[in-house]
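S.K.: Sharing a structure, written as structure tokens. Questions coming.
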Amino acid sequence: TAAAGMKPRCLLGNSWRTSTFQGRFRHFLDVIDPRTLFTTQKRLQQSCELLERFREGRLAEGVTDKQAILHPDTGDQVFMPFRMSGFVPFGTPVVVGLLLPNQTLLSTVFWQWLNQSHNACVNYCNRNASRPAPFSKFFLGYLGAVSSAVSIAVGLNVLLQRSSSFSPPRRLLVQRFIPFPAVASANVCNVVLMRHSELSEGISVVDQDGNVVGTSRVAARRALAETALTRVVLPMPILVLPPLIMTFLEKLPLLRRRSGLLLPVHSLVCLAAFGLALPLAISLFPQTSQQLEPEIAAATDCKTVMYNKGL
């Protein structure tokens, strides 16, 4: 969507060459741009009308992408906190909470629950919606993600507290890295439970003109595997870099003298790590499949099809 003040680019499908990592990275920098959160309904409608006229050949070049606000399958607006452009600003406070030192059992459960609740809503709002699926499957994925995240985080914390091989400073440092395995495992659990039916039913694939040419289980397997791997890579810099950086920064004389600055500095470090990790992770894989079932390849002349693998 063209937000006020954003430089327009020529668009025919995507603004950038998404067959390359650099192109996908530049594309997703547009999609996650927080400025699109302030795009008005009128501006959004104007952007869609401009894009439609451009596709019909009735408009000069200069229309930008609308994928930051509208779901690519349904065309519906995604609720602001659950758009990819809102993932960083709305998700950073949760990351800060996950990485707070000296977590209690209650705070560990709370932050893991809040994080997986936010992730589940983002997953649902940015899912592949080419084929209908009952809400119960997404709720099952949510329960599985929360259960796995809380059990892993609490279990590792209990083991760490009972271990006698760590000194108190070392124990505090190790505790800061516990959120990563908990979140990464829960993310995979969430994706698999929410979308496992796609493996047997397949997902819709379209040609270069946007016409549905069939339902592909090959594309579904690839989409599910790539999305799950993305959800493992995504929290890695978010939950690993800030503890390392803060361990160094906390030794600085300024922060030793002014402990009140620790939380703001910690929040800025988490925000920077989140802002870097998100476009890198979701740019890892293209949304183009070159592997089709023989029946789809035989029924069409398509060598390459497009599908929404979900984010």
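S.K.: Restricting the stretch 179-201 to residues that are surrounded by fewer than 22 Cβ atoms within 10 Å (Cβ to Cβ) and either part of a loop (DSSP other than H, G, I, E, B) or charged (D, E, K, R) (or both), which is nearest to the chain's Cα centre (by Cα)?
M.R.: Checking each candidate, the answer is His196.
S.K.: Which condition number does Val265 fail, the rest of (1) open to solvent by 60 Å² or more (accessible area, probe 1.4 Å); (2) over 20 Å from Pro181 (Cβ atoms) being met?
M.R.: (1)
S.K.: Between Lys66, Lys7, Lys42, which is modelled with pLDDT under 70 and open to solvent by 80 Å² or more (accessible area, probe 1.4 Å)?
M.R.: After applying the criteria, what remains is Lys7.
S.K.: Just one of (1) within 21 Å of the chain's Cα centre (by Cα); (2) farther than 30 Å from Phe38 by Cα trips up Ala120, so point out which.
M.R.: Status for Ala120: all satisfied but (2).
S.K.: Oh, and also: Quick one: Val158 ticks every box in (1) under 26 Å from Phe274 (Cβ atoms); (2) modelled with pLDDT of 75 or more bar one, so which box is it?
M.R.: Looking at each condition in turn, Val158 falls short on (1).
S.K.: Right, another one. Any residue in the stretch 150-161 that is open to solvent by 20 Å² or more (accessible area, probe 1.4 Å), in the same structural domain as Leu99 (by the TED database), not hydroxyl-bearing (Ser, Thr, Tyr) and not in a helix (DSSP H, G or I)?
M.R.: No; the residues of the stretch 150-161 include none that is open to solvent by 20 Å² or more (accessible area, probe 1.4 Å), in the same structural domain as Leu99 (by the TED database), not hydroxyl-bearing (Ser, Thr, Tyr) and not in a helix (DSSP H, G or I).
S.K.: How many residues does the stretch 166-178 hold that are in a loop (DSSP other than H, G, I, E, B) and free of Cβ contacts under 8 Å to residues at least 24 places away in the same chain?
M.R.: 2
S.K.: Just to be sure before I move on: is Phe274 assigned to a helix (DSSP H, G or I), among the hydrophobic types (A, V, I, L, M, F, W, C), in the same structural domain as Asn187 (by the TED database) and surrounded by fewer than 17 Cβ atoms within 10 Å (Cβ to Cβ) in the structure I sent?
M.R.: Considered against the rule, which asks whether it is assigned to a helix (DSSP H, G or I), among the hydrophobic types (A, V, I, L, M, F, W, C), in the same structural domain as Asn187 (by the TED database) and surrounded by fewer than 17 Cβ atoms within 10 Å (Cβ to Cβ), Phe274 comes out as no.
S.K.: Name the one entry in Ala225, Ala220 that is closer than 30 Å to Leu140 by Cα and without any contact (Cβ under 8 Å) to a residue 12 or more places away in the chain.
M.R.: Just one listed residue meets the conditions, Ala225.
The values are calculated or read from the model by the stated rules, or taken from the named source; none is laboratory data. Every value quoted in this text rests on a predicted model; they were computed, and no experiment measured them. Using ideal geometry, Cβ is built from the backbone for each residue, glycine included, and neighbour counts are taken over all protein chains shown. Heads up: the accessible areas ignore ligands, DNA and RNA and are worked out on the full protein's heavy atoms, side chains in. Shrake-Rupley method; radii C 1.70, N 1.55, O 1.52, S 1.80 Å.
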